[in-house]
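Notes follow the structure.
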Protein chains: 2
Amino acid sequence: MERKNLKEKLLLYVITDPHLSLGRSHQEVAERALRGGATAVQLRDKTLNTRELIEVGKELRTITRRLNALFIINDRVDVAMAVEADGVHLGKEDMPVKLCRRLLGQSLLIGFSAKGVEEARAGERNGADYLGSGPVFQTTTKVQKVLPLGTDGLADICSAVNIPVLGVGGIGISEAPRVIHAGAAGVAVVSAVTSAPCPEDACRDFLQVLRP
Amino acid sequence: MERKNLKEKLLLYVITDPHLSLGRSHQEVAERALRGGATAVQLRDKTLNTRELIEVGKELRTITRRLNALFIINDRVDVAMAVEADGVHLGKEDMPVKLCRRLLGQSLLIGFSAKGVEEARAGERNGADYLGSGPVFQTTTKVQKVLPLGTDGLADICSAVNIPVLGVGGIGISEAPRVIHAGAAGVAVVSAVTSAPCPEDACRDFLQVLRP
């Protein structure tokens, strides 16, 4: 996996979620988001079995390769290997980053969800290539268990590590510039793109404020 | 992974299922089954997240290593790698056998669920090390979608392939000898051991008829 332009590839990172996609498939949402300029896609689906995840993953791999985007799999290291994704994104309920790095070597990127400075430093130390940090703002995508970081909390994380950080959670067009200003390499979005009537337009609008 | 004594290690293969274990943990059932002479343990749990599966898997790896038993993970190739299991067991909803073999090389055993002769031959051709075939008899563990193979159907599968075959599904003490007689290398059991008041005794009873 190419690491040198990773930061640029994290600018607009769309997490697909078929339950927040107005009935559209992972494939449709991903393709439309990429046509609108998204730079990365993460496949996240806890309802599919392994075979189905591999099938969807292979299709997303084809689409992301064709449209020159980063492709990341949530949680499932086996699926990431099977579909030749660029990387895997790990949270606290997934494989530990250190173990994952030992198993995979440098063959896949590893993203890690860090909710604060200590977790961020631990993620970097354990070998993560990038962090997803949040929720930056209130979000309706996940049941809220922690208080939002705010842009100050996000800025603290960005200053604490040398790897790129994605802001995640409750980020719409109007919030995106503040996330970048806090030092993030990009924004990770779910419903702002997947639930948009036109995912292409939603991504174009994001990019206008992300690349002003 | 040692393949030369695989057949012997499949003689009494216990699949742990905490929902059929009278409230006992995977670890307790596995340890007690192995003390009673079980030769293999498969960890199967669709309710745990990856982190939990790895934690339980590491404990079962320690127990199975100490008691010299085969240790197999259901479905999750990533978890099997993470806990250094001996192998992974794949069904139709899991990673395809051929893809798994390509990713893993010979580092892990691959078991495959084959419900008939054609599937069995395909499994062998694709690189499976052993097959689990059934249901041989009626079973209450899984919602029945197919008619039981019976011992004749199992015997057909055993004759059709050169890799060892486990009989699975509805096998109690009284059925076990007929399963071996049909040509199976061993029996795979769930509730007959996990739901037994004393898993040690249940395994001892099985072994008395399996090694007459």
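The values are calculated or read from the model by the stated rules, or taken from the named source; none is laboratory data. Not measured: the values here are computed from a predicted model. Cβ sites come from the backbone with ideal geometry, for glycine too, and all protein chains shown count toward neighbours.
General remarks:
- Region B:31-58, subset part of a helix (DSSP H, G or I) and without any contact (Cβ under 8 Å) to a residue 24 or more places away in the chain, residue nearest to residue A:80 (Cα to Cα): B:51
- Output for region B:64-79, where each listed residue is within 23 Å of residue B:100 (Cα to Cα), away from chain A (no Cβ under 14 Å) and not aliphatic (A, V, I, L, M): B:71
- The lone exception for residue A:82 - which of (1) more than 9 Å from every other protein chain (Cβ to nearest Cβ); (2) at negative phi; (3) not polar (S, T, N, Q) it fails: (1)
- Of the residues making up region B:60-70, none is polar (S, T, N, Q), in contact with a Ser or Thr (Cβ under 8 Å, 6 or more places away or on another chain) and buried (at least 22 other Cβ atoms within 10 Å of the Cβ).
- So residue B:44, is it within 14 Å of chain A (Cβ to nearest Cβ), under 18 Å from the mean Cα position of the chain (by Cα) and at pLDDT 95 or above: yes
- Taking the conditions (1) in a helix (DSSP H, G or I); (2) farther than 23 Å from residue A:131 by Cα; (3) within 14 Å of chain B (Cβ to nearest Cβ) in turn, residue A:61 satisfies each one other than (2).
- Residues of region B:1-15 that turn out to be under 20 Å from residue B:207 (Cβ atoms) and assigned to a loop (DSSP other than H, G, I, E, B), as a count: 3
- With respect to the conditions (1) crowded, with 21+ Cβ neighbours inside 10 Å; (2) touching a Ser or Thr at 6+ places or on another chain (Cβ under 8 Å), residue B:189 lacks only one, and its number is (2).
- In region B:16-30, of all residues being crowded, with 23+ Cβ neighbours inside 10 Å and out of contact with any Pro (no Cβ under 8 Å at 6 or more places or on another chain), the one that is farthest from residue B:201 (Cα to Cα) corresponds to B:16.
- Residue B:123 in contact (Cβ under 8 Å) with a residue 12 or more places away in the chain, buried (at least 22 other Cβ atoms within 10 Å of the Cβ), away from chain A (no Cβ under 14 Å) and under 21 Å from residue A:55 (Cα atoms): yes
- Residues in region A:40-49 that are surrounded by fewer than 23 Cβ atoms within 10 Å (Cβ to Cβ) and of a type outside the set (Lys, Arg): A:45, A:47, A:48, A:49.
- Hits in region A:82-96 (condition: farther than 21 Å from residue A:187 by Cβ and crowded, with 24+ Cβ neighbours inside 10 Å): A:82, A:95
- None of B:57, B:91 is closer than 17 Å to residue A:103 by Cβ and of a type outside the set (A, V, I, L, M, F, W, C) except B:57.
- Residues of region A:138-180 that turn out to be exposed (fewer than 15 other Cβ atoms within 10 Å of the Cβ), over 20 Å from residue A:12 (Cα atoms) and at pLDDT 95 or above, as a count: 2
- Among the residues making up region A:90-120, those that are in contact (Cβ under 8 Å) with a residue 24 or more places away in the chain, of a type outside the set (Val, Ile, Thr) and more than 12 Å from chain B (Cβ to nearest Cβ) are A:106, A:109, A:111, A:113, A:114, A:115, A:116, A:120.
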